[in-house]
Amino acid sequence: YTNEGVPTPYYVRGVLLNRHIVSAAVDTVNAFADITFEDVGGYSFSKQQDFIGYDWKEVKVDINSSTAVYTVIPGITYIIMDTEGFFYKFRFVSYYNDLGEKGFPVIEHLRL
């Protein structure tokens, strides 16, 4: 709701884990390029379904024009353990596709 009490739709989009077979950790200290396989043991992994969620981006909403601009928060890297026990690091780069449409996250990822 706006300050005037007008209901305004706001669709939160985020990332969910398959909590039964995948786990994730987050690193907000080390640079993406510096994270290696040797770092994996120092992370606390979670199987919480919304662990990654939507906190990797910020949104600024203009209620007058009913528009929103999304910005990826820099410095957040996620470490994922997949179904076969492999580890990957990934980060969000953008929330927009090549056409400028929101809701199409772009990620960078590398196997550790």
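The values are calculated or read from the model by the stated rules, or taken from the named source; none is laboratory data. On a predicted model such as this, the values are computed, not experimentally measured, just so you know. Counting neighbours? That spans all protein chains shown, and the Cβs are built from the backbone with ideal geometry, glycine included. Quick note on the areas: whole protein, heavy atoms, side chains included, nothing else; ligands and nucleic acids left out. Shrake-Rupley method; radii C 1.70, N 1.55, O 1.52, S 1.80 Å.
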Item to check | First in the stretch 68-85 and in contact (Cβ under 8 Å) with a residue 40 or more places away in the chain, second anywhere and of a type in the set (A, V, I, L, M) and exposed (fewer than 12 other Cβ atoms within 10 Å of the Cβ), Cβ under 6 Å, 6 or more apart | outcome: Thr83/Ile21
Checklist entry - Quick one: in the stretch 73-87, which of the residues that are among the β-branched types (Val, Ile, Thr) and not in a loop (DSSP other than H, G, I, E, B) is most open to solvent (accessible area, probe 1.4 Å)? => result Ile80
Checklist entry - at positive phi, at pLDDT 90 or above and among the small types (Gly, Ala, Ser): does that describe Gly42? => result no
Checklist entry - Applying the selection to the stretch 22-72, what residues are of a type in the set (S, T, N, Q), touching a Phe, Trp or Tyr at 6+ places or on another chain (Cβ under 9 Å) and loosely packed, with under 13 Cβ neighbours inside 10 Å? => result Thr71
Item to check | Failed item, numbered, when Asp98 is tested on (1) among the acidic types (Asp, Glu); (2) exposed (fewer than 12 other Cβ atoms within 10 Å of the Cβ); (3) at pLDDT 95 or above | outcome: (3)
